Amino acid sequence: MTETEGSKDIPDDSKDCPEPNSPKCEIPTANETESPECKTPIADDIGSSTCKTSIANERESSEHKTPMADEAESTNEKDPVGSTWTPSPRFKLAWTSICIVALMAALDATSLSVALPQISKATNGTAIEAFWAGTSFLLTSTVFQPILANLSGIFGRKPFVLIALVFFLAGAIVAATARNMTQMLVGRSFQGIGGGGILVLIEILATDLVPLRQRPTYLGGVMSMWAIGSVAGPVIGGAFASGKGNTWTWIFWINVPFTVVCSVFIILFLTMTGLSGSWGSKLKRVDWIGMISFILSMTSFLIPLTWGGVNYAWSSWHTLVPLLLGAAGMAFFIVWEEKFAQEPLVPLRVAKTVTTATVYIATLLHGMILWCGLYYAPLYFEAAKGYSAVIAGVSLFPSTFTIAPCSVVVGIIVTKTGKYRWTVWAGWVLACLGYGLEYLWDADSPIYEWVIIQIVTGIGTGLLFPGLAFVQQAATNDEDMGAGVGLFVFMRTFGQMVGIAVGGVIFQNQIMKQILTHSSIAANAHNYAIDSSALVQVIKAMPEGIIKTDLVNSYADALKVVWAVNSGLAFVGLVLSLFMKEYTLDRELKSKQQFEHPASSKKDTETETKV
C-alpha cells in the first residue's frame with residue numbers, strides 16, 4: 001500500500017519497510033545525512049541517543065540524534081531499547097492512581113443494568129427512561145472519546161485527564177442524588193463523557209510515558225483493571241440494588257472517594273512536559289467543523305442502534321431515518337477530514353497501511369463479539385437456566401475472570417520477548433472455538449460444560465485486548481500515536497454498541513422462528529419477540545408447564561445463532577490478522593508530553609527516562 005503525500009512516516013507494509021519509520025522508508029532531506037558509522041541508540045538513555053559520524057561537511061559535534069525516533073533494527077536483542085527503563089516512585093504513584101480510576105470507570109459502566117428496575121421505581125421512571133439511563137453512558141462515552149483524545153494532543157494530556165475526572169465525579173453525584181429520571185439521565189451522560197475520556201486518555205498516556213518495549217506490561221495492568229471492573233460491576237450493582245430503601249445510590253457514591261483521592265494523586269505526581277503555544281493559537285488548531293459534524297452524525301447513528309428492536313422496529317422510520325442521516329453525516333466527516341481539515345480530529349493517514357487498517361477493523365470485531373457475548377450470556381443464564389440476575393452475573397466469572405490474568409501475563413511475556421503477533425492469532429482461534437462451542441448450550445447444559453466453554457472464550461477475548469493494542473502501537477509512528485490510539489479505543493467502544501445491536505436483530509429473528517415451531521406459544525410470537533430482556537421476566541413469572549418449557553427452549557435455541565455469528569466474526573478477525581506485520585518493539589520513547597520530574601526530586605529519579 002503506497003504512502004500518501006505528507007505521511008512518509010507512516011509504516012508501509014511492503015517488504016522494504018521492516019519497521020515503522022525505518023530509514024529504509026525515509027527519503028533523507030538536505031539537512032539529514034546518514035552515516036554508515038552511526039551506532040545503535042544507547043539503551044539506557046531513552047530519547048537521547050547519540051551516534052558517532054564522520055561526515056566531511058559537518059562542522060558541528062559528532063554527536064547527534066538519530067533521524068527517526070524508532071530506529072532500532074540493529075538493536076542488540078540482549079539489551080533492547082527501553083529494557084533498562086525503570087519507573088520512579090512518583091511515576092508509580094501516578095500510574096497506580098490511573099489504574100484505580102480505570103477500575104472505577106469500568107465498575108460504573110457495568111453496574112447499573114441490574115439495578116435499573118429499582119432505580120426506575122424510586123425515580124418514577126418509565127420503561128423507556130430506564131432504557132435510556134442504561135444506554136446514555138455508553139452513547140456519550142463512544143461519541144466523546146476521539147474528541148477528548150484530539151484535544152489532549154493540543155492542550156495537554158493532564159488537563160484533559162482531570163477534565164474527564166471532573167465529568168465523571170459530577171455525573172456520579174448528580175446520579176446519586178437523582179429524584180427523577182431526567183436528573184438520572186444527565187448524571188449518566190456526564191459519567192459517560194468522563195468514563196470514555198478516562199479509558200482513551202489512559203491508553204494514550206501509556207504511549208507518552210512508557211517506552212514501547214515496556215508498554216505491554218503497563219497496558220496489561222490497565223486492561224486487567226478494566227476487565228475486573230466489568231466483571232464485578234453487575235455483582236456489586238446487584239448487591240446494592242437488593243438492599244432496602246435507596247441503597248442503589250451507592251452504585252454512584254462509591255465512585256466519589258476513589259475519584260477524589262486519585263485526582264489529588266494525579267495532580268501531585270503526574271507531572272508532564274507542557275506544550276508550547278498560547279491558548280489562542282491552540283484554539284485555532286481545533287477542528288471545529290470536524291468535531292461538530294462527528295458529534296451530530298455519530299449521535300444520529302448510535303441512537304437508533306440502541307432503540308432499534310426495543311422502542312421501535314428496525315423497519316420503522318424512527319430507526320431508519322436517523323441511521324441514514326448519521327451515515328450521511330459520517331461520509332461528510334470523512335471527506336472533510338481527508339480533504340479540508342488543517343489539523344484533523346481523526347487523521348485518516350493513521351489507517352492507510354494494511355496493518356493499521358486491519359487492526360482497526362479487528363478491534364471493532366473484538367468489541368462486537370465481546371460485548372455481544374457479555375450482554376446475551378446473562379440472559380441465557382436467567383431465561384434458560386432460571387438464575388437470578390446476581391447469580392447470572394456470577395456465572396460469567398469463568399469467562400470474565402480469565403480476561404484480567406491474560407492481559408497481565410501477556411503484557412509481561414511480550415515485554416520480555418518483544419513478540420506479540422502470536423497473541424492475536426491465539427486469541428482469535430480460541431474466541432472462534434469458544435463461541436462455536438457455545439452453540440451447544442441449551443436449557444439442560446450441565447454446569448461443567450458452560451464453565452469450560454466460557455474459560456476458552458475468556459482466554460481468547462482476553463488475549464485480544466493487549467494483543468491488538470500492541471499491533472496498533474507498533475505499527476504507528478510517534479507523531480500519530482495519540483490520534484491512532486484514540487481511533488483504536490473508539491473503534492472498540494463503537495464495536496460494543498454495534499455488537500449488542502446486531503445480536504438484538506439476530507435474536508429477534510430467531511426467537512420468532514423458534515416460537516412459531518411450538519403450537520403452545522405460536523399465537524403470541526410477536527409479543528414475545530419484541531424485547532429479549534423483557535422476555536426473561538415473562539419467563540420467570542410463568543408457572544411450570546408446557547408453555548414455559550417451550551419458551552425456555554425457544555430462547556436457548558435462538559441464542560445459538562448469536563453464538564454462531566460471534567464465532568464467524570472471530571474467524572474473520574483471524575483471517576484479517578494474517579495480514580498484520582509484526583514490527584519491532586525496540587523503539588526509543590519519543591513524545592511531546594513526557595513524564596517530568598520536579599527539580600527537588602531529581603536525585604530520586606535518575607533511572608527514569610528523560611526525553
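The values are calculated or read from the model by the stated rules, or taken from the named source; none is laboratory data. In this text the structure is predicted, and so the values were computed from the model without any measurement. Using ideal geometry, Cβ is built from the backbone for each residue, glycine included, and neighbour counts are taken over all protein chains shown.
Does ILE295 meet the test of being within 21 Å of GLY194 (Cα to Cα), out of contact with any Leu (no Cβ under 6 Å at 6 or more places or on another chain) and in the same structural domain as ALA170 (by TED's automatic domain parsing)?
Against the criterion (within 21 Å of GLY194 (Cα to Cα), out of contact with any Leu (no Cβ under 6 Å at 6 or more places or on another chain) and in the same structural domain as ALA170 (by TED's automatic domain parsing)), ILE295 does not qualify.
Could we say that PHE265 is of a type outside the set (Val, Ile, Thr), more than 27 Å from VAL114 (Cα to Cα) and under 22 Å from the mean Cα position of the chain (by Cα) here?
no
Does PHE144 fit the bill of being in contact with a Leu (Cβ under 9 Å, 6 or more places away or on another chain) and either surrounded by 18 or more Cβ atoms within 10 Å (Cβ to Cβ) or at pLDDT below 90 (or both)?
no
Take ILE292 and tell me if it is surrounded by fewer than 18 Cβ atoms within 10 Å (Cβ to Cβ), within 25 Å of GLN473 (Cα to Cα) and of a type outside the set (Phe, Trp, Tyr).
no
Suppose we filter the stretch 306-349 for residues that are aromatic (Phe, Trp, Tyr) and farther than 29 Å from ALA133 by Cβ; how many remain?
Matching residues across the stretch 306-349 total 3.
Is it true that PHE265 is assigned to a helix (DSSP H, G or I), within 30 Å of ALA328 (Cβ to Cβ), in contact with a helix residue (DSSP H, G or I) (Cβ under 6 Å, 6 or more places away or on another chain) and not small (Gly, Ala, Ser)?
Considered against the rule, which asks whether it is assigned to a helix (DSSP H, G or I), within 30 Å of ALA328 (Cβ to Cβ), in contact with a helix residue (DSSP H, G or I) (Cβ under 6 Å, 6 or more places away or on another chain) and not small (Gly, Ala, Ser), PHE265 comes out as no.
Residue check: is GLN473 over 21 Å from ALA377 (Cβ atoms) and part of a helix (DSSP H, G or I)?
Yes; evaluated as a whole, the condition is true for this residue.
Filter the stretch 228-262 down to the residues that are more than 18 Å from VAL114 (Cα to Cα) and in contact with a helix residue (DSSP H, G or I) (Cβ under 9 Å, 6 or more places away or on another chain) and list them by number.
VAL256, PHE258, THR259, VAL260, VAL261, CYS262, listed by residue number.
Answer yes if at least one residue in the stretch 436-446 is modelled with pLDDT under 95, under 30 Å from VAL210 (Cα atoms) and either small (Gly, Ala, Ser) or in the same structural domain as LEU205 (by TED's automatic domain parsing) (or both), and no otherwise.
no
Scan the stretch 446-479 for residues that are touching a residue at least 24 places away in the same chain (Cβ under 8 Å) and hydroxyl-bearing (Ser, Thr, Tyr) and jot them down.
Passing the criteria: THR457, THR461, THR476.
Can you work out which of the residues in the stretch 170-184 that are surrounded by fewer than 22 Cβ atoms within 10 Å (Cβ to Cβ) and among the aliphatic types (A, V, I, L, M) is farthest from GLN118 (Cα to Cα)?
Among them, the one singled out is ALA170.
Is it true that some residue in the stretch 381-392 is under 21 Å from the mean Cα position of the chain (by Cα) and not aliphatic (A, V, I, L, M)?
There is no residue in the stretch 381-392 that is under 21 Å from the mean Cα position of the chain (by Cα) and not aliphatic (A, V, I, L, M).
Any idea which residue in the stretch 126-145 is farthest from PRO304 (Cα to Cα), counting only those that are among the polar types (S, T, N, Q) and in a helix (DSSP H, G or I)?
Top of the filtered list is GLN145.
Please work out which one of (1) more than 17 Å from LEU93 (Cβ to Cβ); (2) in a helix (DSSP H, G or I) is the condition LEU212 fails and give its number.
Going through the list (1) more than 17 Å from LEU93 (Cβ to Cβ); (2) in a helix (DSSP H, G or I), LEU212 breaks only (2).
Could you check LEU535 against (1) part of a helix (DSSP H, G or I); (2) free of Cβ contacts under 8 Å to residues at least 12 places away in the same chain and say which number it fails?
Among (1) part of a helix (DSSP H, G or I); (2) free of Cβ contacts under 8 Å to residues at least 12 places away in the same chain, LEU535 violates only (2).
Return only the number of the condition from (1) among the hydrophobic types (A, V, I, L, M, F, W, C); (2) surrounded by fewer than 20 Cβ atoms within 10 Å (Cβ to Cβ); (3) closer than 13 Å to GLY460 by Cα that VAL410 does not satisfy.
Failing condition for VAL410: (2).
Out of (1) in a helix (DSSP H, G or I); (2) buried (at least 24 other Cβ atoms within 10 Å of the Cβ), the odd one out for ASP480 is which?
With (1) in a helix (DSSP H, G or I); (2) buried (at least 24 other Cβ atoms within 10 Å of the Cβ) applied to ASP480, the lone miss is (2).
For the subset of the stretch 413-442 comprising residues that are of a type in the set (S, T, N, Q) and in contact (Cβ under 8 Å) with a residue 12 or more places away in the chain, which member is surrounded by the fewest Cβ atoms within 10 Å (Cβ to Cβ)?
Per the criteria, the residue is THR415.
Among (1) surrounded by 23 or more Cβ atoms within 10 Å (Cβ to Cβ); (2) within 26 Å of THR476 (Cα to Cα); (3) at pLDDT below 90, which single condition is SER111 missing?
Condition not satisfied by SER111: (2).
Given PRO257, PRO322, which one is part of a helix (DSSP H, G or I) and in the same structural domain as ARG157 (by TED's automatic domain parsing)?
PRO257
Give me the pairs: first residue in the stretch 322-349 and under 22 Å from ASP478 (Cβ atoms), second residue hydroxyl-bearing (Ser, Thr, Tyr), beta-carbon distance under 7 Å, and six or more apart or on different chains, which are they?
Listed by first residue and then by second, the contacts come to ARG349/THR4; ARG349/SER7.
Considering the stretch 372-412 alone, what residues qualify as being of a type in the set (Ser, Thr, Tyr) and either assigned by TED's automatic domain parsing to the domain that holds TYR218 or in contact with a Phe, Trp or Tyr (Cβ under 8 Å, 6 or more places away or on another chain) (or both)?
If the condition is that a residue be of a type in the set (Ser, Thr, Tyr) and either assigned by TED's automatic domain parsing to the domain that holds TYR218 or in contact with a Phe, Trp or Tyr (Cβ under 8 Å, 6 or more places away or on another chain) (or both), then TYR376, TYR380, TYR387, SER395, SER407 are the ones that fit.
Quick check on GLY462: is it buried (at least 18 other Cβ atoms within 10 Å of the Cβ), modelled with pLDDT under 95 and part of a helix (DSSP H, G or I)?
yes
Considering (1) farther than 23 Å from GLY367 by Cα; (2) at pLDDT 80 or above; (3) out of contact with any helix residue (DSSP H, G or I) (no Cβ under 9 Å at 6 or more places or on another chain), say which one LEU551 fails and leave the rest.
Failing condition for LEU551: (3).
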